[in-house]
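Notes for the one structure printed next.
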Amino acid sequence: AYLAVQALYSTWLKRVPVLDVFAIASGFVLRVVAGAEAIGVPVSDWLYLCTLLLALFLALEKRRAELVLLDAGADEHRDALGIYTVALVDQLATIVCACTVLAYALYTVAPETIEKFGGDRLKYTVPFVLFGIFRYLLLVHRHGQGGQPERILLRDRALQLDILGWLLVVIWALYARS
């Protein structure tokens, strides 16, 4: 399925607005599913939703960065870019961003999560997720860094500290005695 999506993206889907970002996001979801299958664990609905939404968000922000970088020549670079506008991509990203945070927040307080991890302490990770997304948006919108999300992660100290804080709170949430 992953190879099929990649082939379709390379030959056709990258030229179709909206389907292009869904194709990119589906690649991330399929990798998560494959990883879960490889280690023999089921993919939770929450992991599926959060992966899909976060991947859509990153793909849209990457499209935004391309539009800004290429400006009037965007449609010459890729057909789909000629249809998108920065305002449209911002609106789509806003919707997906809100859904991403909401899905994650609901996951942290879902009854099955509380039962599995012995409490609702994961909810204290939500501010770290919000800060991470806000920081990423700041870097994309004010500093034009959305073209390479992995580079932002490797270079931005504030995001790295945020992820470290998130990890520490997750460890505390999972292993603290009630």
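The values are calculated or read from the model by the stated rules, or taken from the named source; none is laboratory data. Keep in mind it's a predicted model, so treat the numbers as computed, not measured. Glycine also receives a Cβ, built like all others from the backbone with ideal geometry; neighbour counts cover every protein chain displayed. Heads up: the accessible areas ignore ligands, DNA and RNA and are worked out on the full protein's heavy atoms, side chains in. Shrake-Rupley method; radii C 1.70, N 1.55, O 1.52, S 1.80 Å.
Does Thr100 satisfy the condition of being buried (at least 16 other Cβ atoms within 10 Å of the Cβ), more than 15 Å from the chain's Cα centre (by Cα) and not in a loop (DSSP other than H, G, I, E, B)?
Spelling it out, it is not the case that Thr100 is buried (at least 16 other Cβ atoms within 10 Å of the Cβ), more than 15 Å from the chain's Cα centre (by Cα) and not in a loop (DSSP other than H, G, I, E, B).
Do we have any residue at all in segment 108-127 that's more than 22 Å from Trp172 (Cβ to Cβ) and either of a type in the set (Lys, Arg) or touching a residue at least 24 places away in the same chain (Cβ under 8 Å) (or both)?
Within segment 108-127, none of the residues are more than 22 Å from Trp172 (Cβ to Cβ) and either of a type in the set (Lys, Arg) or touching a residue at least 24 places away in the same chain (Cβ under 8 Å) (or both).
Please identify the pairs in which a residue from segment 140-158 that is under 19 Å from Val68 (Cα atoms) has its Cβ atom under 9 Å from the Cβ atom of a residue that is among the hydroxyl-bearing types (Ser, Thr, Tyr), counting only partners at least 6 apart or on another chain.
Taking only residues 6 or more apart or on different chains, the pairs are Gln145/Tyr136; Gly146/Tyr136; Pro149/Tyr136; Ile152/Tyr136.
Can Val5 be described as surrounded by 15 or more Cβ atoms within 10 Å (Cβ to Cβ) and of a type in the set (A, V, I, L, M, F, W, C)?
Taking the combined requirement at face value, the residue satisfies it.
Suppose we filter Arg78, Arg177 for residues that are open to solvent by 30 Å² or more (accessible area, probe 1.4 Å), of a type in the set (Lys, Arg) and either closer than 14 Å to Arg63 by Cα or touching a strand residue (DSSP E or B) at 6+ places or on another chain (Cβ under 8 Å) (or both); which single one remains?
Criteria check complete, one pass: Arg78.
For segment 144-166, give me each residue that is open to solvent by 80 Å² or more (accessible area, probe 1.4 Å) and more than 17 Å from the chain's Cα centre (by Cα).
Arg155, Arg157, Leu161, Leu164
Quick one: what pairs do we get from segment 48-63, first residue farther than 14 Å from Gly146 by Cβ, second open to solvent by 30 Å² or more (accessible area, probe 1.4 Å) and among the hydroxyl-bearing types (Ser, Thr, Tyr), C-beta under 7 Å, 6+ apart or different chains?
Sorted first by the residue in segment 48-63, then by its partner, the pairs are Cys50/Tyr104; Cys50/Tyr107.
Within the set of pairs 6 or more residues apart or between chains, which connect a residue that is within 13 Å of Leu49 (Cα to Cα) inside segment 16-31 to a residue that is part of a helix (DSSP H, G or I) and open to solvent by 50 Å² or more (accessible area, probe 1.4 Å) with Cβ atoms less than 6 Å apart?
So the pair list comes out as Leu30/Tyr2.
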